[in-house]
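In what follows, a structure is listed as structure tokens, so that the remarks can point back to it.
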Amino acid sequence: MSLEVRGLRNQWGVSPWDRTDPISASDFHDVGKCPASDFHDIAKHPEVVIIGAGLTGLSTAYHLAKLSVRSIVLEAGLIADGASGRTGGLVLEGTAAGILPQVDSCVAGLRKLVEAEQIDCSLHLPGCWEIEHRRDDSGSMLPWTDAGARVAIAELLSGGTVEPARLCVGLAHAAVAAGAVICEHARVTKVIANREPVVEIDQDRLHPRWVVVACNAWISSLLDDVPPITSSLTFACATEPLSEAALRELGLAERIPFYTRDRPYLWGRVTDDRRIVFGTGIVYAESSELESVGSRSRDFQLAIDQIQNRVRKLHPALAKIEFLNSWAGPIAFTEGAVPLLGVVSDCERILVAGAYAGHGVALGVRAGELLANAIVHHESLPAWGPLNR
């Protein structure tokens, strides 16, 4: 059964990712369809409640289960329904603010987990190009013209690509197999930071020992005492499949993903079926408004048109290219792009992670491991996080 069939948020367009769902009906719980009494039985006396079934929430559940701690993941929509399943799938090292302590080996950690659990997610790690605009042809160049400038390869960094939706559902399957519980259509309305945390969901209240808030752009809608988060939608398009000859002509035969280190911003990657994904553009909105910015809105259409027009001017081989997918996904960031990863000051048993500013694939998985170790082994979370200063 595909995630599309099960009702993914298609108001943000349809991505090209394979959303084949390996989780059987008995492996997760659809709170929107089960009686309240069944949910009470499922959620009775949870040790840890995790809010958000993206990469961070699922990784936290997985690592907790491996440490023999039972957790319940509450997802307002479906697994891979938000940023994690709609990202471009670039695997990057560290954070958007640079390589920081305790998150300096995220790519290796992701590879280890994928191999250990045999997750079929097309993880390829050839590196990632940082590219930049130049007025001359000095250095290693891509055969592109963008914004009136040539495009140079500035540096090859650690990283690569993954099919993000398949990574999410594969990680969910591994978490459930290890003992975690995942509840879809279970929208949390508030987290109360009392001496003991309280989680409100519809008319119910859960009283876990620990709460992990990992819902990215929606963090500030559940918690009052967190640093300011800017939420938005970012946009992407996927071309029709290209020939190997066309990819060589474009300088992308090696399938190395890229992103600009300067402005105007652009990122991209080649998929397994030889489509090129390009992404750029942001529409800012409060978290409560993100879900209403649909693919038929003027802002959405304008952002997609701008990407497609820009891509067609990069190289003659792209001048008449057709685009088979256009979509958006939520993104969140703090001032300075330093992620949230820490403890809420009003309650030491509420942990928060998110606002990765586009670096959330490998980092989100690593953050889940750090959160699990903080809960079970009382290990300190990184001091660099805005919550920990």
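The values are calculated or read from the model by the stated rules, or taken from the named source; none is laboratory data. Computed from a prediction, not measured in an experiment: that's the story for all the values here. As a convention, Cβ positions derive from the backbone with ideal geometry for all residues, glycine included, and neighbour counts pool all protein chains shown. Areas reflect the complete protein model, heavy atoms only, side chains present, ligands, DNA and RNA absent. Shrake-Rupley method; radii C 1.70, N 1.55, O 1.52, S 1.80 Å.
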Checking G294 against (1) of a type outside the set (V, I, T); (2) open to solvent by less than 40 Å² (accessible area, probe 1.4 Å); (3) in a strand (DSSP E or B), which test does it fail? (3)
Pairs please, first residue from the stretch 232-251 and closer than 13 Å to V277 by Cα, second anywhere and basic (K, R) and open to solvent by 60 Å² or more (accessible area, probe 1.4 Å), Cβ atoms under 7 Å, 6+ apart in sequence or on different chains. P241/R274; L242/R274; L247/R274
So, I256, is that one within 30 Å of V344 (Cβ to Cβ) and either part of a loop (DSSP other than H, G, I, E, B) or not hydroxyl-bearing (S, T, Y) (or both) or not? no
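Yes/no per residue for (1) at positive phi; (2) open to solvent by less than 10 Å² (accessible area, probe 1.4 Å); (3) modelled with pLDDT under 85; (4) part of a helix (DSSP H, G or I):
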residue: S15; (1), (2), (3), (4): no, yes, no, no
residue: D18; (1), (2), (3), (4): no, no, yes, no
residue: S26; (1), (2), (3), (4): no, no, yes, no
residue: H40; (1), (2), (3), (4): no, no, yes, yes
residue: V49; (1), (2), (3), (4): no, yes, no, no
residue: T60; (1), (2), (3), (4): no, yes, no, yes
residue: S68; (1), (2), (3), (4): yes, no, no, no
residue: Q102; (1), (2), (3), (4): yes, no, no, no
residue: L110; (1), (2), (3), (4): no, yes, no, yes
Among the residues of the stretch 157-180 satisfying the criterion of being open to solvent by less than 10 Å² (accessible area, probe 1.4 Å) and in contact with a Lys or Arg (Cβ under 7 Å, 6 or more places away or on another chain), which is modelled with the lowest pLDDT? A165
Looking only at the stretch 297-316, and only at residues there that are buried (at least 17 other Cβ atoms within 10 Å of the Cβ) and under 19 Å from S243 (Cα atoms), the one that is nearest to the chain's Cα centre (by Cα): V311
Consider the stretch 126-156. How many of its residues are within 30 Å of G109 (Cβ to Cβ) and open to solvent by 50 Å² or more (accessible area, probe 1.4 Å)? 4
Would you check which residues across the stretch 181-197 are within 20 Å of A374 (Cβ to Cβ) and either buried (at least 21 other Cβ atoms within 10 Å of the Cβ) or in contact with a His (Cβ under 8 Å, 6 or more places away or on another chain) (or both) and list them? V191, E196, P197
For the structure I just gave you, tell me whether S287 is out of contact with any Phe, Trp or Tyr (no Cβ under 9 Å at 6 or more places or on another chain) and small (G, A, S). no
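Within the stretch 277-290, can you find the residues that are open to solvent by 60 Å² or more (accessible area, probe 1.4 Å) and either without any contact (Cβ under 8 Å) to a residue 24 or more places away in the chain or not polar (S, T, N, Q) (or both)?
Correct list: I282, Y284, E286, E289.
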Got a sec? Which strands (runs of 3 or more DSSP E) wholly within the stretch 148-211 have at least 1 residues that are under 24 Å from G360 (Cα atoms)? 149-157, 159-161, 181-184, 188-192
Touching a Leu at 6+ places or on another chain (Cβ under 9 Å), open to solvent by 20 Å² or more (accessible area, probe 1.4 Å) and in a helix (DSSP H, G or I): is that true of R274 in this structure? no
